[in-house]
Amino acid sequence: MKNLPIFFHIEKTAGTSLREALNLSKKKSKVLGLYLSNFKIKRVLDKSKNKKVVKISEQHGITEAKKLVENMTSKDKNKFEVIIGHSIFYGLHDFFKKDANYITIFRHPFKRAISHYNYAVDEKSLSPQDDFVDMIKEVSLLNNFMTERLHTFGFLEYIPTPDDRQAFRRCLNKFYFVSEVEKLKEDETLLRKIINLEIPIPKSNTSINHIPLEQIEKAEKIFRQNNELDFILYEEALLYRCKRKKELESIYKNTPLPSKSLFLIIRDIRKKLRKLINNYFKKSKRV
């Protein structure tokens, strides 16, 4: 019985790229997507202050994810080859017979915050006129975002003090492998072998930068003061990644990259045929 990769998708850490690769390479019935959480940054009117302020609306989706999996039959559960989502909670593996491997991707905390802001502007939850520095000051829920995520979803036992690095290490040890956004290309071959991913991981969901350089420089100083735990987590994650990569590359050394399945081959042929037919009709219309 093959292992079951479970990918915990922390917001704005390249998880959408992996999700897209899975959607392109595997049948829908083989991938369980647990995207039941809802984390929105938006500016709303504060009547008491008579001005608009940045607010967070959030729904974790843990209860919904548990109910969804509990109501599945064993036959349904056995069909899944991989699980991915924002609503991945530690303990999810207990619902499945296969041996599970938790995986996640981390990102430099400040770069992740910049990406989150830019995404909110692209989605029109914020406008380019919403000052990035003000958002960093106002929105406490964005502080230590990755640490809070790991705690909320049960990977981190408690929110540690900055000198309690062991808490972060215990948390990271629950993951079979962790990557980092800027190391993703280096880790791609290993990740594809772990997840049995038949195609390369595309670059997806890249936001346009809406923040002036002077705002970024000013915000970074404030951000570092308010996000000490995330920077410690990030440091420990990089160390754990290096350690696990060496171990796993030795294990997967003789494992070939997954080849295209019959499903993918047929799908690619259909795409090419569709393209040829469309081109033929376009030429016919011109004539």
Q.
Please go through (1) under 20 Å from E235 (Cα atoms); (2) touching a residue at least 60 places away in the same chain (Cβ under 8 Å); (3) aliphatic (A, V, I, L, M); (4) assigned to a loop (DSSP other than H, G, I, E, B) for I88 and return the number of the only condition it doesn't satisfy.
A. (1)
Q. How about the stretch 91-132: which of its residues are among the polar types (S, T, N, Q), under 21 Å from the mean Cα position of the chain (by Cα) and either closer than 15 Å to L150 by Cβ or part of a loop (DSSP other than H, G, I, E, B) (or both)?
A. T104, S125
Q | Top-ranked residue of the stretch 131-168 - restricted to ones that are acidic (D, E) and modelled with pLDDT of 90 or more, ranked as surrounded by the most Cβ atoms within 10 Å (Cβ to Cβ) | A | E148
Q: Tell me which residues, restricted to the stretch 137-152, are aliphatic (A, V, I, L, M) and part of a helix (DSSP H, G or I).
A: L141, L142, M146, L150
Q. Considering only residues of the stretch 193-205 that are among the polar types (S, T, N, Q) and within 30 Å of L126 (Cα to Cα), which is modelled with the highest pLDDT?
A. S204
Q. Is the stretch 206-227 home to any residue that is under 16 Å from the mean Cα position of the chain (by Cα), at pLDDT below 90, farther than 26 Å from K2 by Cβ and among the small types (G, A, S)?
A. yes
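Say whether the condition of being outside any helix (DSSP H, G or I), at pLDDT below 95 and farther than 30 Å from V121 by Cα is met by at least one residue in the stretch 177-192.
no
The values are calculated or read from the model by the stated rules, or taken from the named source; none is laboratory data. Just so it is clear, the structure is predicted and the values come from calculations on it, not from any experiment. Here Cβ is always computed from backbone atoms with ideal geometry, including for glycine, and neighbour counts include all displayed protein chains.
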